[in-house]
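Let me begin by presenting the structure, written as structure tokens, before commenting on it.
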Amino acid sequence: PAAEPTPSERVVVVVVPDPPPATGGASSEAPAGPLAVAMPRDGLGDGRGGSTILQAPKGPAAPVTRGVAAPPPPGGVSLESMDYDASGQVAMGGRAQPGSAVQLYLDNLLVGSAHTDPNGQWRLRPERAVPPGVYTLRADQVTDSGKVTARVELPVQVSEVPANLPDGRSMVVQPGNSLWRIARSTYGHGVQYTLIYEANRGQIRDPDLIYPGQIFALPVSN
């Protein structure tokens, strides 16, 4: 008898952007390319860290390394991923100069330090839990003496994770999202936004109005 399939420890999520609008019958804008992210199948509880960007949207000047678009981090250091769960565990990741140190701050409070690998990637899981809220996340690339050589910061929102999400499939609404775009990236067809709407009617009064920080269940499509 055939052996039972063994699920991988990580799953890959691919987001394909909408094509650029056509102008005069042809698009003058080059497609950005897909975003591919490897995510832990069992969440942060498996101790294996958070998500990793496998392929970033590729611009005209983005160099390609081993077939993966890897543009240099703007300003020398980048924040590319942030995962969190219902218990407040957080995992963050990004890129900086290979062999450098990166210090991470939430609202100017140091939450940990990380070192980049030979490819310039860094990852960090702070020891303390992070409660729901809106924060300013900052990453400083520093020398051995503590001098800051590069910096990036951006606002992030940690939302309260409901305990009754079906099948573990959920997403946090980010600025610029719409139900149509979420359905297109999740199911391949924007018209299936009604699946998300029906599963989250307690949060959505108007399908045209969704807000950053909302957490939607993503039901399995038949």
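Only the coordinates and a few stated rules stand behind these numbers; no lab work does. Everything numeric in this text was worked out from a predicted model, so none of it was measured.
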J(HN,Hα) series, segment 102-113, from Karplus relation 6.51 cos²θ - 1.76 cosθ + 1.60, nearest Hz, glycine and proline x: 10, 10, 10, 10, 10, 6, 6, 9, 5, 10, x, 10
Amide proton proximity set for R151, modelled H, under 5 Å, gap of 5+: V77, Q141
